[in-house]
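Visitor: To start, I am sharing the structure in question, which I have written as structure tokens.
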Amino acid sequence: MGDIGIVTTIFHSSKLPSQALSAVTPFVAPDARAVSKAIDEIAKEFPAMQNEFKKQNQVYLATSVVLDTYQVFSKNPISGLSDLEGTKVAGAGMNLRYLEGIDGAAGVRGGLTDFYNMLQTGLVDNAMLWPEAAKTFKIAEVAP
């Protein structure tokens, strides 16, 4: 018997720190397949990546999902970074580093299942996530 699933590693940086490689590298690639292949090759070369999963009673099979963009969904229109000044932004822990240098912007760590309520109740003003997740979790209803 087995169970296969996708672990969105960015939300588990304390348990899977090496999986944040793509979130902390200073480069991007327009080809998601190339990124996925590169991460898989690194995971084969450095057993520590697979061992992190093993410690969680999981088996690393492959990088099957690569996100090409994060977007900010907001209650108010945003035309530039200055519009984020002094606001609270929901996001995954590692991604909140993108707020560094924006005066008064505060990152609020959360999970995809929490972002809707965080926005609706005013806990945050904005949420940083990828478009497919925003559609799935109907974020545009509370942050158009």
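The values are calculated or read from the model by the stated rules, or taken from the named source; none is laboratory data. Remember, predicted model here, so these are calculated numbers, not experimental data. Cβ placement follows ideal geometry from the backbone for every residue including glycine, while neighbour counts extend to all protein chains displayed.
Visitor: Out of the residues in segment 127-144 meeting the condition of being part of a helix (DSSP H, G or I) and hydrophobic (A, V, I, L, M, F, W, C), tell me which one is modelled with the lowest pLDDT.
Guide: Quick first cut of segment 127-144, residues part of a helix (DSSP H, G or I) only: 131-136, 139-141.
Keeping just the survivors that are hydrophobic (A, V, I, L, M, F, W, C) gives 133-134, 139-140.
Details: Ala133: 90, Ala134: 93, Ile139: 96, Ala140: 94.
Selected residue: Ala133.
Visitor: Counting only residues that are aliphatic (A, V, I, L, M) and either part of a loop (DSSP other than H, G, I, E, B) or touching a Ser or Thr at 6+ places or on another chain (Cβ under 8 Å) (or both), which one in segment 87-126 is nearest to Ala23 (Cα to Cα)? Lay out the reasoning, then the answer.
Guide: Narrowing segment 87-126 to residues aliphatic (A, V, I, L, M): 89-90, 92, 94, 96, 99, 102, 105-106, 108, 112, 118-119, 123-124.
Right, trim to either part of a loop (DSSP other than H, G, I, E, B) or touching a Ser or Thr at 6+ places or on another chain (Cβ under 8 Å) (or both) and you get 92, 94, 102, 105-106, 112, 123-124.
On the way: Ala92: 11, Met94: 7, Ile102: 19, Ala105: 20, Ala106: 19, Leu112: 17, Leu123: 25, Val124: 22 Å.
Ranking the qualifying residues of segment 87-126, first place goes to Met94.
Visitor: Let me ask something additional. Return the pairs, sorted by first residue and then second, in which the second residue is at pLDDT 70 or above and among the hydroxyl-bearing types (Ser, Thr, Tyr), the first residue lies in segment 20-32 and is surrounded by 13 or more Cβ atoms within 10 Å (Cβ to Cβ), the beta carbons are less than 6 Å apart, and the residues are 6+ apart or on different chains.
Guide: That search, which allows pairs on different chains as well, returns Ala20/Ser13.
Visitor: Can you pull out every residue in segment 61-95 that is within 19 Å of Thr121 (Cβ to Cβ) and either out of contact with any Phe, Trp or Tyr (no Cβ under 6 Å at 6 or more places or on another chain) or surrounded by fewer than 19 Cβ atoms within 10 Å (Cβ to Cβ) (or both)? Don't jump to the end; show me each part of the working.
Guide: Kept after step one, since they are within 19 Å of Thr121 (Cβ to Cβ), are these residues of segment 61-95: 72-76, 86-91.
Within segment 61-95, Val72, Phe73, Ser74, Lys75, Asn76, Gly86, Thr87, Lys88, Val89, Gly91 meet the criteria.
Visitor: Ok, one more. Among the residues in segment 100-113, are any of a type in the set (Ser, Thr, Tyr) and either surrounded by 13 or more Cβ atoms within 10 Å (Cβ to Cβ) or touching a Cys at 6+ places or on another chain (Cβ under 6 Å) (or both)?
Guide: Initial filter on segment 100-113 (of a type in the set (Ser, Thr, Tyr)): 113.
Add one more test, that the residue is either surrounded by 13 or more Cβ atoms within 10 Å (Cβ to Cβ) or touching a Cys at 6+ places or on another chain (Cβ under 6 Å) (or both), and what stays is none.
No, segment 100-113 contains no residue that is of a type in the set (Ser, Thr, Tyr) and either surrounded by 13 or more Cβ atoms within 10 Å (Cβ to Cβ) or touching a Cys at 6+ places or on another chain (Cβ under 6 Å) (or both).
Visitor: In segment 1-40, which residues are among the aliphatic types (A, V, I, L, M) and assigned to a loop (DSSP other than H, G, I, E, B)?
Guide: Applying the first criterion (among the aliphatic types (A, V, I, L, M)) to segment 1-40 yields 1, 4, 6-7, 10, 16, 20-21, 23-24, 28-29, 32, 34-35, 38-39.
Of everything in segment 1-40, those that are among the aliphatic types (A, V, I, L, M) and assigned to a loop (DSSP other than H, G, I, E, B) turn out to be Met1, Ile4, Ile6, Val7, Leu16, Val28, Ala29.
Visitor: When both residues are 6+ apart or on different chains and their Cβ atoms are under 6 Å apart, which pairs have a first residue that lies in segment 78-105 and is in contact (Cβ under 8 Å) with a residue 40 or more places away in the chain, and a second that is assigned to a loop (DSSP other than H, G, I, E, B)?
Guide: Final answer for the pair search is Leu84/Ile102; Leu84/Ala105; Gly93/Ser13; Met94/Ser13.
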